[in-house]
Amino acid sequence: MKRELVADPQIGDTPASCRKDSRGDFVTMADAIEALIARHPGITAAQISQKLFANECESERVDLICRRLIAEGRIKRCGDGTIANPFAYSPKQATRS
């Protein structure tokens, strides 16, 4: 018996690593997170998750994407990563040449 994959009408054709912006264009989650950090320097993964997904359940996913953005040199992180002093993310400052 062969199963057919049926698209979920709630999800549609949006790739898992993308979402639509206010204009309806696809934006990667990394780009959406980087833009949010640029607008709100010092924001935590839980706050990013709350703003993008309306809950804090996705904060681990956000943290992984933020780690990748740090490795790529697109953002920076400060804080201890503890409950009392969680990691906070800010845009990477442009270097002067």
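Filter the strands (runs of 3 or more DSSP E) completely within the chain down to those with at least 2 residues that are modelled with pLDDT under 90.
So the answer is 18-20, 26-28.
Of the numbered conditions (1) free of Cβ contacts under 8 Å to residues at least 12 places away in the same chain; (2) closer than 15 Å to MET29 by Cα; (3) surrounded by 11 or more Cβ atoms within 10 Å (Cβ to Cβ); (4) over 10 Å from the mean Cα position of the chain (by Cα), ALA54 satisfies every one except a single condition; which is it?
It fails just one condition, (3).
Pick from region 33-42 the residues that are touching a strand residue (DSSP E or B) at 6+ places or on another chain (Cβ under 6 Å) and among the hydrophobic types (A, V, I, L, M, F, W, C): which of them is surrounded by the fewest Cβ atoms within 10 Å (Cβ to Cβ)?
The extreme case among them is ALA38.
Among the residues of region 57-93, write down those that are polar (S, T, N, Q) and exposed (fewer than 15 other Cβ atoms within 10 Å of the Cβ).
Within region 57-93, THR82, ASN85, GLN93 meet the criteria.
The values are calculated or read from the model by the stated rules, or taken from the named source; none is laboratory data. Quick caveat: nothing in here was measured; it's all calculated off a predicted structure. Every residue, glycine as well, gets a Cβ built from its backbone with ideal geometry; the counts of neighbours run over all protein chains shown.
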